[in-house]
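For reference, the structure is listed below as structure tokens.
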Amino acid sequence: MNTPTATTALRASVSLIVLLTIAICIDYVDRGNLATAATLIQDELKLTAPQLGVLGSAFFASYVLLHIPAGWLAERYGARVVLAGGVAIWSVATGLTSLANSFAMLLALRLVLGAGQSVFFPSSSKLIAAEVAPGYRARANGWVGFGLALGPGVGTFVGGHLMAVAGWRASFAVFGIVSLLWLLPWRRLPAPPATLQTEVEASSGPSPTFPEILRQRSLWGASLGHFSTNYAFYFMVTWLPFYLIRERGYSITSMATVVGVSYVVQAAASVASGWLTDRWIRSGVSANLIYKWIMGVNHIGVVAALIGMVTAAPGMAIACLFAYQILTGVSSPGVYAIGQTLAGPRAAGRWIGVQNMMGNVAGIVSPAIGGILVGATGTFLAAFSAAAAVSALGFIGWVIMIARVAPLPWHGRAASTPQMAPG
């Protein structure tokens, strides 16, 4: 069977990548709305800082616990169908948040939101591994990283300005409705070319058992690296708007502008990194060398950037914020491309289910620890320092624990990948 040309393979996956990018953007808009509205919700519902931290962590309780089932569902019933169901669930939860009038109701809706969003990364990683040619996966993940970074930026900028005019409830209602509209083009997404899908599946070898996946040291290295990356990221998503308003004296609109622009910078860095990484790999440079170098530099640089954000003078602190966003954007494609490369198409859903579950434990502990440290000390110094310390662990996970970024030689059973019908 003839191998599709690079141009054909790229065109075949463009629609998929565009819709996944939009979906993850919507995902992060919806999960980040609470952080943007934190001061308004706190004042209206009389919530404490620890309660805000619990609400930030509650999302991740259901989000983390359902990742492994989501990975299994994506491989068993088709990633397209599973992703569509998740988007529907989280969109409704976002819209209903506009009606919340108590801490308990907010808590319940954050749990539902997490359940819906748990399907995205197992499903998207399965789709990228199965429907995107290997020489374009870093670029695909770069665009997903673009949407991931743009989501908090759009949510903070648009949501912040909308909240200033119409209140926080209107913002949640609008974003919930907009999220549901994504399902319309997703249902019309064409199937991948049979030649590409057959080639990718044939080259992936046998289907590993779940215990075989769990025995891989590289899985736990990727999980530690992912946890470290996410600890700082979710700390920033949850507490950065609050920090700039309460401790640095920004208004809600000026905060929304600074944070929004910083996330756009992260998004651009993610796309550029994915494009350059694929180009280097196709030119013959070792994927192992590229990915380990990028991830190692990222975690060292993030430590310095986080400390600078909380200790430096105002102008330098904002420079450190943008340095953090650039570093995070550059490393973003590797977070998932590494796992997709190691696992291969037949195991990517389950592998990323485990990796993302372990990585997003950070989403449970990071907002809560941040709230506890801020409440106990009255400042953000200890909270930022904790995030910097955890970031240093990422170097161990990505660079030391993963022996080599290359497809693993699975010894499991041969199996056919279910046809992924449009959702």
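Here are the numbers:
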{"quantity": "Residue satisfying all of: in region 60-100; of a type in the set (G, A, S) and under 16 Å from the mean Cα position of the chain (by Cα); modelled with the highest pLDDT among these", "calculated": "G86"}
{"quantity": "Single condition I22 does not satisfy, out of (1) within 23 Å of P190 (Cβ to Cβ); (2) touching a helix residue (DSSP H, G or I) at 6+ places or on another chain (Cβ under 9 Å); (3) surrounded by fewer than 23 Cβ atoms within 10 Å (Cβ to Cβ); (4) without any contact (Cβ under 8 Å) to a residue 60 or more places away in the chain", "calculated": "(4)"}
{"quantity": "Residue match in region 341-361 (condition: touching an Asp or Glu at 6+ places or on another chain (Cβ under 8 Å), surrounded by fewer than 20 Cβ atoms within 10 Å (Cβ to Cβ) and either in a helix (DSSP H, G or I) or at pLDDT below 90 (or both))", "calculated": "no"}
{"quantity": "Condition check for V285: in a helix (DSSP H, G or I) and of a type in the set (A, V, I, L, M)", "calculated": "no"}
{"quantity": "Answer residue from region 187-229, given it is among the small types (G, A, S) and outside any helix (DSSP H, G or I) and is modelled with the highest pLDDT among those", "calculated": "S207"}
{"quantity": "Complete set of residues in region 28-69 that are buried (at least 23 other Cβ atoms within 10 Å of the Cβ) and of a type in the set (D, E, K, R)", "calculated": "D30, R31"}
{"quantity": "Looking only at region 236-275, and only at residues there that are of a type in the set (F, W, Y) and touching a residue at least 24 places away in the same chain (Cβ under 8 Å), the one that is nearest to V390 (Cα to Cα)", "calculated": "W239"}
{"quantity": "Subset of region 365-411 [in contact with a Lys or Arg (Cβ under 8 Å, 6 or more places away or on another chain), assigned to a helix (DSSP H, G or I) and crowded, with 20+ Cβ neighbours inside 10 Å]", "calculated": "W398"}
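The values are calculated or read from the model by the stated rules, or taken from the named source; none is laboratory data. Everything quoted here is computed from the prediction, not taken from an experiment. Here the Cβ is made from the backbone with ideal geometry for all residues, glycine too, and neighbour counts use every protein chain on show.
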